[in-house]
Every structure is written in C-alpha cells, then in structure tokens.
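Trainee: Dropping a structure here in structure tokens format, bear with me for questions.
The values are calculated or read from the model by the stated rules, or taken from the named source; none is laboratory data. Being a predicted model, the structure only gives us computed values, none of them experimental. Cβ sites come from the backbone with ideal geometry, for glycine too, and all protein chains shown count toward neighbours.
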Amino acid sequence: MNKKIIIWIGIILLLFNLVTALGIRPSKTMHTFEKGQDFSGEFWVVNNDAQAITTTISVEGGLSTFVTIQEKELHFRENEDAKAVHFVVKLPSVVPAGISSANIVVERNLAQTDLGTISSKVIVKHKIIVEGPYPDKYIENKLNFRDDGGKITL
C-alpha cells in the first residue's frame, strides 16, 4: 500500500477521537394542515460526549417565517446530556397542497483556537413537515432522468 495512503488513514483515525457528537431526537415533526389550527412541539438536543458546549439555534426553509423558537442558544455543562427546544408554528390560512417544510438548525459554536488549527463545525437539523390539503383531483409528478454524457435517459 502506498505510504501516503497509510499516512492519511492514520490521520483520519486520529481525527475520529476529536469529533464531538451532537444529536437531535426526534429528527422530524409531521403535521397535517387544518385551517386555523396552529401547533407546537419540542425536540431534544443531545450532548453525546458530555462536553461543555454552546449551540446556536435558527430556522430555515419555506415555512421559516411561521416558526418561532423559544430557545435561541443552549449552554451545556459536562454533566448535562440533553436539553429541550420548544417551537410554535403559526400557519397561514392557506397552505399549498402537498408537503411544505422548515428546518430548525442547531449549530455548535466553536471554541477559540490557535492559528493554524483545523476545526469543524457540527450542524444538525430538526425538520418540520406540514402536509397541505389536496383537492379532489390532484396529480403529483416526479421526473427521473440520468445523463450519460451526450444521452439523457428518462
């Protein structure tokens, strides 16, 4: 085996010990739209490595303007393994047919590091899925294709 490959494999194995684990449970919330009905929910951010960390929480996606989160930041101590994040979704009076969604993004804040240090940022997402009402006659399409150079196969 090439020496460069062995060195890279060694570096990757060493980095596995430095990666911190941050998780979310459950990973998604599903809701069927009913006119005039808002809903709320919660999910848990899990600190698997029992480290003192700080996370920033934000919302993105198509329904992001309708989602309000109560916690903008979470501060974990070493002895805290999970914290709840609460959200409220105030939907408009009309939601398009089919699936609409938003993501609540939990991003680990990086600690100050020395110059020349390589670090990575952990980002996990909780997906909020709202299924809008379908009319009596409704078609949903999906196009699958593969580009093989100059030939496109449908």
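Trainee: If you scan region 32-50, which residues turn out to be among the hydrophobic types (A, V, I, L, M, F, W, C), modelled with pLDDT of 90 or more and either in a strand (DSSP E or B) or closer than 20 Å to GLU73 by Cβ (or both)?
Mentor: Taking region 32-50 and keeping what is among the hydrophobic types (A, V, I, L, M, F, W, C), we get 33, 39, 43-46, 50.
Right, trim to modelled with pLDDT of 90 or more and you get 33, 39, 43-46.
PHE39, PHE43, TRP44, VAL45, VAL46, listed by residue number.
Trainee: Kindly list the number of the only condition in (1) assigned to a strand (DSSP E or B); (2) at positive phi that fails for ILE24.
Mentor: The one condition ILE24 does not meet is (2).
Trainee: For VAL105, only one of the following conditions fails: (1) more than 21 Å from ALA50 (Cβ to Cβ); (2) at pLDDT below 95. What is its number?
Mentor: Among (1) more than 21 Å from ALA50 (Cβ to Cβ); (2) at pLDDT below 95, VAL105 violates only (2).
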